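Enquirer: I have a structure I would like to understand better, so I am pasting it below and will then ask my questions one at a time.
The values are calculated or read from the model by the stated rules, or taken from the named source; none is laboratory data. As the structure is a computational prediction, the values presented were derived from the model and not from experiment. Neighbour counts are summed over all protein chains in view; Cβ atoms, including those assigned to glycine, are modelled from backbone coordinates with ideal geometry. The area values use the complete protein model at the heavy-atom level, side chains included, leaving out ligands, DNA and RNA. Shrake-Rupley method; radii C 1.70, N 1.55, O 1.52, S 1.80 Å.
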Amino acid sequence: MKPCKITIDKDYIIGKIDNNLYSSFIEHLGRAVYTGIYEPGHPLADANGFRTDVIGLVRELNLEYVRYPGGNFLSGYRWTDGIGPKAERPRRLDLAWRSTEPNTVGIDEFAKWAKKAGTRVMGAVNMGTGTAQDAADMLEYCNFPKGTYWSDLRVKNGSPEPHGIKLWCIGNEMDGHWQICHLNAEDYGKKARETIKMMKWADKSIETVVCGSSHGHMATFPEWDRIVLEHTYDLADYISLHSYYSFRENRFDYLASFMDMENFISSVIATADYVKALKRSKKTMYLSFDEWNIWNDATERKGEWPEAPELIEDRYSLLDALAFGGLGITLINRCDRIRIACLAQLVNAIAPILTEPRGRVVRQAIYYPFMLLSKLGRGIALNPVVNIEKAESRHGAAPLIHAAAVYDEENKGLNLFCLNIADEPALLEIDTRSFGGEAMAVFEHLSLHGSELGAINTFDNPEAVRIKTLPIPKNIKNVELPGLSWNVLRLKCQTNN
Ligand code: AHR
């Protein structure tokens, strides 16, 4: 058994975890919307056509925001196609995903869905084919109370109350050649600046996210980010990061993906801080990691221009859930600068929730670590000092245990998230001295592990991968973690220190 000492001191504060770290993303992509969240005629659909079985599982994730409507789809989307009487809405070719978009769900329907799912809309405006004026019009439609063309149109379309969308992405992955009307950094920076100006003039209460790089391995990274921030530093509130991880050849490299994520975050922070210095600014730029996940599916698109096709419907295994859980730990550890993070995506397309058209719904393996992070990863992030062996990975020397500690001051509870990427079990000695002598004890050990790393949840076997409860260790100086496991150790303070 590998020995590992973890010291957690209540004064080693990283920061308060923003609840927005537990957000997600729904794009008009494949079956995310149609037969995902929306399926009139489904036996469990409500009067608006929303699947209540899906809403039930979304609610359990306790999401702060859901980003909408894209994604690559956004850059060719005319938001006005999705409002007004459904029978009059145009069917369009969606060039991003080579699908047919029926437009029977638009911003009004999505705002209703978000309310029912207990979350809020993180809006996004088209910076590909769209203009700054289109973006300002959409904002006015969504947020202005009434008495103007756009706000009255919303009222006429059945939403008397404004949608009140407070957070907006200014385009999507505009650095990518795959993006409809992709721009260079200068052009995007200028366009984003003018768009934010108009949007904030119309509603000064909103916050905006400018597009950073689509991933840390883009040839234009980090120059793209620097140039965009030089144009927008004073006006934007966040810069975005996107990153997906996949299994290549080596399991250890895959499980150590959190190292790559950490490097990417550090580089974006360094770039943002460089621009801060350049501008002699007092403002700190925060990060919105608004697309993160595991993405292995590389299947070709089926047919030409299908409606709601099965696209990128990754079936996540236990192994994927472990690698995913490591990424979640990193997000907590960088909460000093990351204020928003969206699990991309939510339903069917690279998602924790999978549906059958007209049928059942299942929680995929990655659903569980995300649910536990969202439930138990709220509070103050403390910096755990992890003393453990390292091993070489594609991303550099990786610690065999990756951990995050979250302190809930109110309940005097400490949740320790630990990923063990070694095959061998680990023996943890947890030192919580600063909380008062031997005051801390583990009262619950939740764990994701198993002998079948390839196990997946299916409609017929929906619990092949699930969280297990392990016996409570008697002493925090002797806590066993199974080999290849993702864990939450819940500790409680025995005294009132
Ligand atoms: O989430 C799937 C796609 O990944 C999004 O549309 C795009 O922004 C990213 O490349």
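Enquirer: Which one of these is touching a His at 6+ places or on another chain (Cβ under 7 Å), charged (D, E, K, R) and either closer than 18 Å to THR129 by Cβ or not in a loop (DSSP other than H, G, I, E, B) (or both): GLU194, GLU173?
Expert: GLU173
Enquirer: Please enumerate the residues belonging to segment 262-296 that are in a helix (DSSP H, G or I) and within 16 Å of the ligand (Cβ to nearest atom).
Expert: Scanning segment 262-296 gives a single hit, PHE264.
Enquirer: Condition first: within 16 Å of the ligand (Cβ to nearest atom) and either surrounded by fewer than 24 Cβ atoms within 10 Å (Cβ to Cβ) or in a loop (DSSP other than H, G, I, E, B) (or both). Now tell me which residues in segment 8-27 satisfy that.
Expert: ILE26, GLU27 - these are the residues of segment 8-27 that are within 16 Å of the ligand (Cβ to nearest atom) and either surrounded by fewer than 24 Cβ atoms within 10 Å (Cβ to Cβ) or in a loop (DSSP other than H, G, I, E, B) (or both).
Enquirer: Quick one: which of GLY30, GLY41 is within 16 Å of the ligand (Cβ to nearest atom), at pLDDT 95 or above, part of a loop (DSSP other than H, G, I, E, B) and farther than 22 Å from GLY164 by Cα?
Expert: None of the others qualify; the one that does is GLY30.
Enquirer: Same structure again: Scan segment 320-333 and tell me whether some residue there is open to solvent by 10 Å² or more (accessible area, probe 1.4 Å) and among the aromatic types (Phe, Trp, Tyr).
Expert: No: zero hits.
Enquirer: Please go through segment 164-191 and pick out each residue that is within 16 Å of the ligand (Cβ to nearest atom) and in contact with a Cys (Cβ under 8 Å, 6 or more places away or on another chain).
Expert: The answer is CYS169, ILE170, GLY171, ASN172, GLU173, MET174, ASP175, TYR188.
Enquirer: Can you find, within segment 242-271, the residue that is surrounded by the most Cβ atoms within 10 Å (Cβ to Cβ) among those that are over 30 Å from ASP423 (Cβ atoms) and without any contact (Cβ under 8 Å) to a residue 60 or more places away in the chain?
Expert: Per the stated criteria, the residue is VAL268.
Enquirer: Restricting the search to segment 64-82, which residues are open to solvent by less than 20 Å² (accessible area, probe 1.4 Å), out of contact with any Phe, Trp or Tyr (no Cβ under 6 Å at 6 or more places or on another chain) and in contact (Cβ under 8 Å) with a residue 60 or more places away in the chain?
Expert: Matches in segment 64-82: TYR65, VAL66, GLY70, GLY71, LEU74, SER75.
Enquirer: Just name the residue that is surrounded by the fewest Cβ atoms within 10 Å (Cβ to Cβ) out of those in segment 208-241 that are of a type in the set (A, V, I, L, M, F, W, C) and in a loop (DSSP other than H, G, I, E, B).
Expert: ALA219
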